[in-house]
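Peer 1: Sending over a structure as structure tokens; questions will come in a sec.
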Amino acid sequence: MQHYRSLEEVNLQNSWLTVGVFDGVHRGHQQIIEKLTTGAHASGAPAVVLTFDPHPATVLTGKELKCLTLPEERASLLGELDVDVIVTERFTRELSAVTAHDFMMRLTRQLGLGHLLIGYDFALGKGREGNAARLTEIGAELGYSVEVVPAVSDESGVISSTEIRKLIEVGNVTEANRLLGHPYSLRGPVIHGDGRGKTINVPTANIAYSLEKMIPARGIYACWAYVGGEKHPAATNIGINPTFTPDKQTPNVEAHLLDFHRDLYGKDLQLEFVARLRDEMKFDSVEVLIKQIGKDVEETRRILS
């Protein structure tokens, strides 16, 4: 898999392409990607995904939108689905003003576009004019064909990144994972916290996460922690530690790796969220807190066993 940060860096022939944000690379996205890679590789063509950063909604509305996947995470997930080339194009207001025809000319020039797969509600270009009908019309002129992939639904409705964000926001990581088709994850370097965990014999790895990333609701979670290629069960706290720092604004993400006794400072740690155990709570004493942590650790063991 090759990951480029601009269309101008790419020069391909006869590619199969799909275009979208693909935030989360959820089960709906995966259906489009499977059609793309299967068809492209059967035709001896490269399977290409064009995605955008930052999220177009952030640029067009001016409102902050936390993402499910950062660009490198998205590229990694797409690579696991056998995509050959991923292009993460910078999204700007200038790009949003380009007509569908001009944008498709650019794609045809850089990618040698032969076949375009799009979602059922897809549109691109100025004023979202480039819907399926318009892109098919342009394709007849520029020499590419268009295939529309229907929405993926289940009993809860159409699977979308918006719905998954809502689930993460309230901490329902189990349902979010079901819609994603893979565990929701968070990663970052381990930094020094206040060291309080060590004093109560429950050392935690404090993760410096990206502020652009969606963080699950405050609470305690059972997670798998990955460090240096190793996988460990972890009880993870997301919150402000109200027993000690009730006025803190930005939540910490602190993982207690079970039966792990090595130094993690400076190392990269990835957490996969499996289940939410409980809300964050304020305790009347350190002793009550320690007792509850013991229960959280045992529940984490049970869930991950």
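Peer 1: Could you give each residue of region 223-228 its phi-based ³J(HN,Hα) in whole Hz, using Karplus coefficients 6.51, -1.76, 1.60 with θ = phi - 60°, and x for Gly or Pro?
Peer 2: Calculated HN-Hα couplings, in order: 9, 9, 10, 10, 9, x Hz.
Peer 1: Are there any GluC sites (Glu not before Pro) in region 212-305 that are in a DSSP loop and have at most 15 other Cβ atoms within 10 Å? List them by number.
Peer 2: Of the GluC sites (Glu not before Pro), the ones in loops of region 212-305 whose Cβ has at most 15 other Cβ atoms within 10 Å are E212.
Peer 1: Still on this structure: Amide H of K213 versus every other amide H placed in the peptide plane: which residues, excluding those fewer than 5 positions away on the same chain, fall under 5 Å?
Peer 2: Here C67 satisfy the definition.
Peer 1: Counting DSSP beta bridges in the chain, what percent are antiparallel, to the nearest 5?
Peer 2: In the chain, approximately 60 percent of DSSP beta bridges are antiparallel ones.
Peer 1: Tell me, what HN-Hα J-couplings in whole Hz come from the Karplus equation 6.51 cos²θ - 1.76 cosθ + 1.60 at θ = phi - 60° for each residue of region 277-290, using x for Gly and Pro?
Peer 2: 8, 6, 6, 5, 10, 9, 9, 6, 8, 5, 4, 5, 4, 4
Peer 1: For region 67-82, just list the computed ³J(HN,Hα) in residue order, Karplus coefficients 6.51, -1.76 and 1.60, θ = phi - 60°, integers in Hz, with x standing in for Gly and Pro.
Peer 2: 9, 7, 9, 6, x, 5, 5, 4, 4, 5, 5, 5, x, 5, 8, 6
Peer 1: Of the residues A57, A208, A40, which exhibits the maximal mean-square fluctuation in a Gaussian network model of the chain defined by a 10 Å Cα contact cut-off?
Peer 2: Highest fluctuation among the options: A57.
Peer 1: Moving on. Treating only the Cβ of Lys, Arg, Asp and Glu as charged (+1, +1, -1, -1), what charge dipole size does region 26-119 show about its Cα centre? Round to the nearest 20 debye.
Peer 2: The calculated dipole for region 26-119 is roughly 280 debye.
Peer 1: Probe 1.4 Å, all protein chains in place: accessible area of K213 in Å², nearest 10?
Peer 2: 10
Peer 1: A further question on this structure: Could you list which residues have their amide H under 5 Å from that of I240, counting only those 5 or more apart in sequence or on another chain, with H placed in the peptide plane?
Peer 2: For I240, the qualifying residues are N252.
Peer 1: Could you rank H26, H41 by how accessible they are, 1.4 Å probe, largest area first?
Peer 2: Ranked list, largest accessible area first: H41, H26.
Peer 1: Another question about this same structure. Run down the lysines and flag those whose C-alpha is under 19 Å from the C-alpha of K295, throwing out any fewer than 8 positions away in its chain.
Peer 2: Once the sequence-local lysines are set aside, what remains near K295 is K198, K282.
Peer 1: Going by average Cβ density within 10 Å per residue, which order do the peptides 127-133, 220-226 take, highest to lowest?
Peer 2: Taking the mean over residues of other Cβ atoms within 10 Å, the ranking is 220-226, 127-133.
Peer 1: Shifting gears a bit: Given M1, T18, G171, which one lies farthest toward the positive end of the charge dipole of the chain, if we put +1 on the Cβ of every Lys and Arg and -1 on the Cβ of every Asp and Glu?
Peer 2: Looking along the dipole axis, the top candidate is G171.
Peer 1: Quick one: which residues, 5+ away or cross-chain, put their amide H under 5 Å from the amide H of L12? H built at 1.01 Å from N.
Peer 2: For L12, whose amide H was placed from the backbone, the distant partners under 5 Å are L111, G112.
Peer 1: Once the Cα atoms of helix 100-111 and of the chain are each reduced to a long axis, what angle between those two axes, in degrees from 0 to 90 to the nearest 10, is obtained?
Peer 2: Here the helix axis deviates by roughly 80 degrees.
Peer 1: Considering only protein heavy atoms and a 1.4 Å probe, what is the carbon-and-sulfur percentage of the accessible area of the chain?
Peer 2: Carbon plus sulfur share of accessible area: 51 percent.
Peer 1: Determine the gain in length on full extension of the stretch K282-D259; use 0.36 nm per residue of separation and subtract their C-alpha separation, reporting nm with one decimal.
Peer 2: Roughly 5.7 nm would be gained on extension.
Peer 1: In square angstrom, what is the accessible area per residue of the chain with a 1.4 angstrom probe?
Peer 2: 48
Peer 1: Setting aside same-chain residues fewer than 8 positions from K231, which lysines have a Cα under 21 Å from its Cα?
Peer 2: Excluding near neighbours in sequence, the set is K267.
Peer 1: While we're on this one: Let me check against my output: what whole-number percent is the relative contact order of the chain, with C-alpha pairs under 8 Å and at least 6 apart?
Peer 2: This gives 17 percent for the chain.
Peer 1: Let's see if you can work this out: charge +1 on each Lys and Arg Cβ, -1 on each Asp and Glu Cβ, no other charges. What is the dipole magnitude of the chain about its Cα centre, in debye to the nearest 20?
Peer 2: 460
Peer 1: Below 17 Å, Cα to Cα, which aspartates and glutamates can K66 reach? Residues fewer than 8 away in the same chain don't count.
Peer 2: Within the straight-line cut-off, K66 pairs with D23, D53, E163, E169, E212.
The values are calculated or read from the model by the stated rules, or taken from the named source; none is laboratory data. Not measured: the values here are computed from a predicted model. In this analysis, Cβ positions are derived from the backbone assuming ideal geometry, glycine residues included, and neighbour counts consider all displayed protein chains. Just the protein is used for accessible areas: all its heavy atoms, side chains included, with ligands, DNA and RNA removed. Shrake-Rupley method; radii C 1.70, N 1.55, O 1.52, S 1.80 Å.
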